[in-house]
Amino acid sequence: TATMGASQTRSEHKHQDLVDRTGFSLEQIKNLHKRFQQLSGNEETISKEHLDSIPALANNPIKKQIIEAFFDKRNQHQNEVGSFQEISFEQFLMVMSHFRPPTLKTTEEEREALRKEKLRFLFNMHDTDNDGTITLEEYRKVVEELLSKSGAIGLEAAKAIADAAMLEVASTNVPHMAPDDFYEGITFEHFEQILKGLEMESRMHIRFLDVDTSTMRCGKSTS
Amino acid sequence: MKCRYWVTTVNGNVVRTDPEPRLQPSESNLSRTQHDHGSSITGIPIVTFKWPHVEDPYLVALWILVAGLSKMVIEANHHVTNIIPESALLICFGFILGGIIWGADKVQTFKLTPTVFFFYLLPQIILDAGYSMPNKLFFSNMGAILVYAVIGTCWNAASLGLSLWGCHMGGAMGDLDIGLLQYLLFGSLISAVDPVAVIAVFEQVHVNEVLFIMVFGESLLNDGVTVVLFNVFDAFVSLGGSKINAVEIIKGIISFFVVAFGGSLLGFVFGLLISLLTRCTKNIQIIEPGFIFVLGYLSYLTAEMLSLSAILSIVFCGMCCQKYINANMDESSVNTVRYVMKVLANGSETIVFVFLGISAIDKAIWVWNTGFILLTLLFIFVYRIIGVFILTWILNKFRLVPLEVIDQVIMSYGGLRGAVAYGLATMLDDKKIKEKNLMVCTTLIVVYFTVILQGVTMKPLVTWLKVKRAAANEVTLIEKQQNKVFDHMLVAIEDISGQIGHNYMRDKWNHFEEKWMSKLLMKPSARKNRDYIFSVFHQLNLKDAMSYVAEGERRGSLEFIRNETSLVDFKKKFGAELSEAIPDIMADTSDDYGATSCSIQFHTRKHPVPSVSLEMHEQTMKGIRETEDINTHHLLQQHLYKGRKQHRHRYSRSHFDVNKDENEVQEIFQRTMRSRLESFKSAKMGVAPPKHITKHPKKDHQQKVKASEFIMLDNLQHSINISFFQCCHATGT
């Protein structure tokens, strides 16, 4: 029990550190830590397979993209690129922090920063080769995943839809394209502009509860 | 437990102290006409003036006409309606009309009885509200709406009743014969925010959708509470103060749950019924719309019969069935339903407000008690503000997106009372409640105050406070897709983080709905086409096709080449990468016009470019080109529609969405093409040609030109068909 006590205080310190870095509350971090351990089977790190095996995610069309996002180094805000094989709890939290809602106390600059972060997260999800633009190929992949799973639309149609969307974007972005112009792709600024109307930053929240809900989801936990 | 209807019929038939409306046929009239026939006549009358014969329907029709005319007068000048909302103007008009009637001393011809209001005027307004409700928005804010509706209304009622009683005890009201229970009864009837008034005022203001849905949703759902409170306190008043004990109070609380949930469930069941019906009405499309109105009305009446909340019933009926009937019913039926709903709702609303104005002439209710009336006005205003702010403060702890202070101000200011309160007031039994006339008078004054004053000042207030307004842009395809990506992403994060969230619930519901309910309630053909993004894409295809035609035409006539290797202009326009995309639109057309030898073979995606420019021989084109160009251009412009814009939802009573179904464009396009092709085919095949194509040699040229143009258009049509059907077939027939 003495060692348990010691390790507990150690993790408390770590958690406190994380509170400052990610903005979650101590309670929320504890809950997420429990969930992390559930997913990882009490290991220190989780790999893609762990996330893949969550049964509820099976129906999700963009499962692959989401899982990639967790392992994407760009979402760790440390100016690295590439992807991890496994992530630790801290990195897991960093990704989760993108979905933290602003409270009434967040200032305007903080809100602005949050907004950019969230948009950057979305952008990274599309821009898999990290060249700063979402090209047609990349966009197609996302749309295909998105629509093909829904069952109503075939792969060909999904491709055509992606193309049409890009066309639409191209025509609004560069309305009078010269005959030899070539539309590269959607840049981050343009992405921001497109989504301004949707106010993603005010919708990109998950309610992180202070209560432990891991026991409430019977049948959903990976054991 | 009493329900509304009974009180009035008892009043109406037995006691005739109030001037009865001649809007209901009564036995005396019938007997009178019979009597007329029976009386002695001295000769054969050539023409007689049989007023009593038509009196009742005539008056009804006349009043409707008057209401319509007043609306016409009011809408004639938009400068006025921009400042003063329509509802306020209609009430003022009602005042004027009331004055005229009073002057003509024909007070008996009119009265807005509760029966007429609750049975003939209110249901269609609420049905329209339910049918046009943005479901997703409503349900995502359901928690907050319920809190405001239930707790807010209870708070309003209790605080008002108790405060008034307190003041009464303190002597501020002079000598009134009202007990605590009656005060509470009065509080309950006047505390409810009125949906009709809210729509009427907010329609002109266009605040952001969350704010709107809060106030509007609250006004609809609080009926559940109002009915219960009214009936409970009415029963208490009848029982007398001594008989009230804990059992009765508990019964009251239980009745709330029964009334509210029962009403909603009933509405839901009727909504399902309607959806099922529309699934099978393929052969009687002409009366399809009728079912919806009749069943909607029945849901209202059934709830009323079972003393459940009728408004809740009809709202949920409308909300539940909207998706399915829009999918199942034929294009024109959907339009009919939408249009008729708006006509009925608009008309009823107009009549309601005009009659509210005219009601002021009833001398019986001219009872003035300064304390009572002024205190009521004050307390209503103040307690609404307090209630909203406290509840929002609590709610903001749980909401992801907190409601701002400015929105809260508008919400409290937007708590308008309206005709429902007046209707309830006139339903009070004046034997038990001695001061009924005072209460009716107060209610009327409160209604006038809120609708006119608060209605007029709402718009300036919204502008002054810089409330966030509704976005009114066209939503692009990419935005729609991002929305979808978004929703899925949120669900995924919730799953990963192990939370049961709001998104998770919604996702589960969507799955359930897709799997079970749509299978049962939607026609199979409708189910295939229902994907939202797909329909937008289809529309975009059409738009592309049309703009292509316009583009080709602009470049100096529609030139058609039977050339398989010519390069597509698209490459220049949209970049090499994207040209691959376009081939989807220009799919393989098979050789069904083989006999005509005008068929074109397209190559699909594998080859760099399909040939889309078709060119005719220069000689034949030269002279005729110019005129043909113009003709063709006009032809196309006439029969092809411009791309339709998709508007975001904006709740409006009179200017509803212009967004017609894109199938209509497709249909008309096809129909036009088909008819032209028919005429072409028959001419070419030597079959008896339609009259407008002659064998004149000059016209032959025209025919040839038309032929190629038809080919192009035909191929466009084909390709659009094919891409459409490909997608349809791909869904797995």
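The values are calculated or read from the model by the stated rules, or taken from the named source; none is laboratory data. On a predicted model such as this, the values are computed, not experimentally measured, just so you know. FYI the Cβ positions are ideal-geometry reconstructions off the backbone, even for glycines, and counts take in every protein chain you see. Heads up: the accessible areas ignore ligands, DNA and RNA and are worked out on the full protein's heavy atoms, side chains in. Shrake-Rupley method; radii C 1.70, N 1.55, O 1.52, S 1.80 Å.
Just the residues that are touching a Phe, Trp or Tyr at 6+ places or on another chain (Cβ under 8 Å) and either open to solvent by 70 Å² or more (accessible area, probe 1.4 Å) or of a type in the set (A, V, I, L, M) (or both), please, taken from the stretch A:97-124.
A:Leu119, A:Arg120, A:Leu122, listed by residue number.
Just to be sure before I move on: is B:Gly171 free of Cβ contacts under 8 Å to residues at least 24 places away in the same chain, assigned by the TED database to the domain that holds B:Leu377 and at positive phi in the structure I sent? Talk me through it step by step, then tell me what you get.
Details: free of Cβ contacts under 8 Å to residues at least 24 places away in the same chain: yes; assigned by the TED database to the domain that holds B:Leu377: yes; at positive phi: yes.
In short, yes.
Within the stretch B:315-322, is there a residue that is modelled with pLDDT of 90 or more and either more than 23 Å from B:Lys519 (Cβ to Cβ) or surrounded by fewer than 18 Cβ atoms within 10 Å (Cβ to Cβ) (or both)?
Checked against the condition, which is being modelled with pLDDT of 90 or more and either more than 23 Å from B:Lys519 (Cβ to Cβ) or surrounded by fewer than 18 Cβ atoms within 10 Å (Cβ to Cβ) (or both), the stretch B:315-322 yields at least one hit.
I'd like the full set of residues that are at pLDDT 85 or above, aliphatic (A, V, I, L, M) and open to solvent by less than 10 Å² (accessible area, probe 1.4 Å), limited to the stretch B:429-464.
Answer for the stretch B:429-464, where residues must be at pLDDT 85 or above, aliphatic (A, V, I, L, M) and open to solvent by less than 10 Å² (accessible area, probe 1.4 Å): B:Leu438, B:Met439, B:Val440, B:Leu444, B:Val446, B:Val447, B:Val451, B:Met458, B:Val462.
When residues of the stretch B:368-390 are filtered for being more than 30 Å from B:Val440 (Cβ to Cβ) and surrounded by 14 or more Cβ atoms within 10 Å (Cβ to Cβ), how many remain? So that I can check it myself, show each step before the final result.
Taking the stretch B:368-390 first, the residues more than 30 Å from B:Val440 (Cβ to Cβ) are B:389-390.
Then keep just the ones that are surrounded by 14 or more Cβ atoms within 10 Å (Cβ to Cβ); that gives B:389.
Summing the residues that are more than 30 Å from B:Val440 (Cβ to Cβ) and surrounded by 14 or more Cβ atoms within 10 Å (Cβ to Cβ) in the stretch B:368-390 gives 1.
If the requirement is being more than 30 Å from B:Asn283 (Cβ to Cβ), modelled with pLDDT of 80 or more and not charged (D, E, K, R), which of these qualifies: B:Phe512, B:Phe486?
Values: B:Phe486 fails: modelled with pLDDT of 80 or more.
Going through B:Phe512, B:Phe486 in turn, the sole match is B:Phe512.
Can you name the condition, by its number, that A:Glu86 falls short on among (1) over 27 Å from B:Asp507 (Cβ atoms); (2) touching a residue at least 40 places away in the same chain (Cβ under 8 Å); (3) in contact with a helix residue (DSSP H, G or I) (Cβ under 7 Å, 6 or more places away or on another chain)?
(3)
Contact list please: Cβ distance under 6 Å, first residue in the stretch B:40-53 and open to solvent by less than 100 Å² (accessible area, probe 1.4 Å), second residue part of a loop (DSSP other than H, G, I, E, B), pairs at least six apart or on different chains.
Correct list of pairs: empty, since none qualify.
For residues that are of a type in the set (A, V, I, L, M, F, W, C) and facing another protein chain (nearest Cβ under 7 Å), scanning just the stretch B:487-524, find the one that is farthest from B:Cys320 (Cα to Cα).
So in the stretch B:487-524, the residues of a type in the set (A, V, I, L, M, F, W, C) come out as B:489-493, B:496, B:500, B:505, B:509, B:512, B:516-517, B:520-522.
From what is left, the residues that are facing another protein chain (nearest Cβ under 7 Å) are B:489-493, B:496, B:500.
Working: B:Met489: 27, B:Leu490: 25, B:Val491: 24, B:Ala492: 27, B:Ile493: 29, B:Ile496: 32, B:Ile500: 25 Å.
Filtering first and then ranking leaves B:Ile496.
Where in the stretch A:7-93 are the helices (runs of 4 or more DSSP H), entirely inside, with at least 1 residues that are more than 12 Å from every other protein chain (Cβ to nearest Cβ), among the aromatic types (Phe, Trp, Tyr) and farther than 14 Å from B:Glu494 by Cα? Quick ask: steps written out before the conclusion?
Details: elements: A:26-40, A:48-52, A:63-71.
By residue number, A:63-71.
Whether any residue in the stretch B:465-475 is under 27 Å from A:Gln193 (Cα atoms) and at pLDDT 85 or above is what I want to check. Quick ask: steps written out before the conclusion?
Let us first name the residues in the stretch B:465-475 that are under 27 Å from A:Gln193 (Cα atoms), namely B:465-475.
Going one step further and asking which of them are at pLDDT 85 or above, we end up with B:465.
There is at least one residue in the stretch B:465-475 that is under 27 Å from A:Gln193 (Cα atoms) and at pLDDT 85 or above.
Inside the stretch B:156-255, counting only helices (runs of 4 or more DSSP H) that do not spill past its ends, which hold 1 or more residues that are surrounded by fewer than 18 Cβ atoms within 10 Å (Cβ to Cβ)?
Working: elements: B:180-190, B:195-202, B:209-239.
Answer list for the stretch B:156-255: B:180-190, B:209-239.
Please tell me if B:Ser275 is touching a residue at least 60 places away in the same chain (Cβ under 8 Å) and either over 18 Å from B:Ala310 (Cβ atoms) or β-branched (Val, Ile, Thr) (or both).
yes
Scan A:Glu80, A:Glu27, A:Glu68 and give me the residue that is touching a residue at least 24 places away in the same chain (Cβ under 8 Å), open to solvent by 50 Å² or more (accessible area, probe 1.4 Å) and touching a helix residue (DSSP H, G or I) at 6+ places or on another chain (Cβ under 8 Å).
Values: A:Glu80 fails: touching a residue at least 24 places away in the same chain (Cβ under 8 Å); A:Glu27 fails: touching a helix residue (DSSP H, G or I) at 6+ places or on another chain (Cβ under 8 Å).
Being touching a residue at least 24 places away in the same chain (Cβ under 8 Å), open to solvent by 50 Å² or more (accessible area, probe 1.4 Å) and touching a helix residue (DSSP H, G or I) at 6+ places or on another chain (Cβ under 8 Å) holds for just one of A:Glu80, A:Glu27, A:Glu68, which is A:Glu68.
Name the pairs whose Cβ atoms lie under 8 Å apart, with the first residue in the stretch B:480-492 and more than 17 Å from A:Arg100 (Cβ to Cβ), the second of a type in the set (A, V, I, L, M, F, W, C) and not in a helix (DSSP H, G or I), and 6 or more positions between them or separate chains?
B:Gln482/A:Leu198; B:Asn483/A:Leu198; B:Val485/A:Ile62; B:His488/A:Ile62
Restricting attention to the stretch B:288-321, report how many residues are acidic (Asp, Glu) and within 23 Å of B:Ala149 (Cβ to Cβ). Please lay out each step first, then the result.
Of all residues in the stretch B:288-321, those acidic (Asp, Glu) come to B:288, B:304.
Those left that are additionally within 23 Å of B:Ala149 (Cβ to Cβ): B:304.
Of the residues in that region, 1 qualify.
On the basis of being more than 19 Å from B:Gly423 (Cα to Cα) and at pLDDT below 85, does B:Ile96 make the cut?
Details: more than 19 Å from B:Gly423 (Cα to Cα): yes; at pLDDT below 85: no.
For B:Ile96, the condition - more than 19 Å from B:Gly423 (Cα to Cα) and at pLDDT below 85 - is not met.
Can you pull out every residue in the stretch A:105-138 that is within 21 Å of A:Ile161 (Cα to Cα), within 16 Å of the chain's Cα centre (by Cα) and either outside the structural domain of A:Ala170 (by the TED database) or not in a helix (DSSP H, G or I) (or both)?
Residues satisfying the conditions are A:Asp127, A:Thr128.
Would you mind telling me which numbered condition in (1) over 24 Å from B:Tyr297 (Cβ atoms); (2) buried (at least 19 other Cβ atoms within 10 Å of the Cβ) B:Ile125 fails?
(1)
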